[in-house]
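Below is one structure, written out as structure tokens; comments come after it.
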Amino acid sequence: MGLDMYAWSVAKNDANEQFAIAEDNERSELAYWRKLNALHGWMEDFARSEGFAGEFNCVPVQLSPNVIDKLEFDLENNQLTPRGGFFFGEQSIYPEDIEATKTFIEAARAEFAAGREVYYDSWW
């Protein structure tokens, strides 16, 4: 049990929303992280800046190319801050977490170029 985090690629669909993926829209996994609470906190901050007000758990959040650019900038400039939480794990950011996030950023850009949408989701 703990913080499991995912990035999904989905086909564009008029039923997709900022905080929801249409049920009939098949997801393709782009990334998986385990207890990278600094990234989860960053995504929660983004979701709240977009108007999300509930518990940030099992909530898909649509990401845009501009959001991915900001994530890359913040990652490269050590702006991801670890967050506390019962299921969230250690307060460290390991080199392999940074590399996995960089790989996700590249994959997200490829999905945007292919005309697809990208979402972050988590479960804790």
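Each reported figure results from applying straightforward, stated rules to the coordinates on display, with no laboratory input. Not measured: the values here are computed from a predicted model. A quick note on method: Cβ atoms are made from the backbone with ideal geometry, for glycine too, and the neighbour counts reach across all protein chains shown.
Using 7 Å Cα-to-Cβ label points, what is the Q18/F52 separation (nm, one decimal)?
Calculated label separation equals 1.1 nm.
Could you work out how much longer the chain between N25 and R83 gets when fully extended? Use 0.36 nm per residue separation minus the Cα distance between them, nm to one decimal.
17.7 nm
Under 5 Å between amide hydrogens, which residues at least 5 positions from L3 or on another chain qualify, with H placed 1.01 Å from N in the peptide plane?
Placed amide hydrogens put K35 under 5 Å from L3.
Please name which of I98, V67, N16 has its Cα lying farthest along the dipole of the chain towards the positive end, using unit charges on Cβ (Lys, Arg +1; Asp, Glu -1) and the Cα centre as origin.
I98
Quickly estimate the mean residue ellipticity at 222 nm for the chain, helices only: each DSSP H run with n ≥ 4 gives -39500 (n - 2.57), and the total goes over all residues, rounded to 500.
-11500 deg cm²/dmol
By its C-alpha gyration tensor, with a ≥ b ≥ c as the square roots of the eigenvalues, how is the range 42-124 shaped: rounded for a/c under 1.5, else prolate for a/b larger than b/c, else oblate? Present the calculation step by step, with values, prior to reporting the outcome.
On the way: a/c = 1.75, a/b = 1.17, b/c = 1.50.
Note, shape of the range 42-124 comes out oblate.
Amide H neighbours of R116 under 5 Å, at least 5 residues apart or on other chains, H built in the peptide plane: list them.
Under 5 Å from the amide H of R116 lies no amide H from a residue far enough along the sequence or on another chain.
Residue by residue through the range 24-29, which ³J(HN,Hα) values in whole Hz follow from phi under the Karplus form 6.51 cos²θ - 1.76 cosθ + 1.60 (θ = phi - 60°), with glycine and proline marked x?
Using θ = phi - 60°, the values come out as 8, 9, 5, 9, 10, 6 Hz.
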